[in-house]
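Student: Handing you a structure now.
Values quoted throughout were computed directly from the atomic coordinates according to the rules given, and no laboratory measurement underlies them. Only a predicted model underlies this, so the values are computations on that prediction, with no experimental measurement involved. In this analysis, Cβ positions are derived from the backbone assuming ideal geometry, glycine residues included, and neighbour counts consider all displayed protein chains.
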Ligand code: FES
């Protein structure tokens, strides 16, 4: 999703682009059903509580429909 967002000039912070930092963390506001399932490295990086609150790693998720998100200062 990160690459698609950057190609569309969406301004998102990122660093590693491989799921090993949390710089690209976004919070999904709408469209969670349009995201790929949570991967183990994503769960390890963010933890269950953030995942339940809708946080995901933009660089390792894929989308197959409309999604609304924010990137919050952490
Ligand atoms: S940019 Fe590092 S986890 Fe996404």
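Student: Beyond 14 Å, what share of the Cα-Cα pairs of region 1-43 remains, rounded to the nearest whole percent?
Tutor: 57
Student: I've got another one for you. If you take the Cα atoms of region 10-69, find Rg, then find the Kirkwood Rh from the mean of 1/r over all pairs, what is Rg/Rh?
Tutor: With Rg and the Kirkwood Rh in hand, the quotient comes to 0.92.
Student: When only Cα pairs under 8 Å and 6 or more residues apart are kept, what is the percent relative contact order across region 2-70?
Tutor: On the way: 99 pairs, mean separation 28.6, N = 69.
Here the relative contact order equals 41 percent.
Student: Per residue of the chain, what 222 nm ellipticity follows from adding -39500 (n - 2.57) for every DSSP H run with n ≥ 4, rounded to the nearest 500?
Tutor: -7500 deg cm²/dmol
Student: A further question follows. For region 49-74, list residues with backbone N below 14 Å from a point placed 7 Å from the Cα of residue 12 toward its Cβ?
Tutor: Residues 55-72 qualify, since their backbone N sits under 14 Å from the label point.
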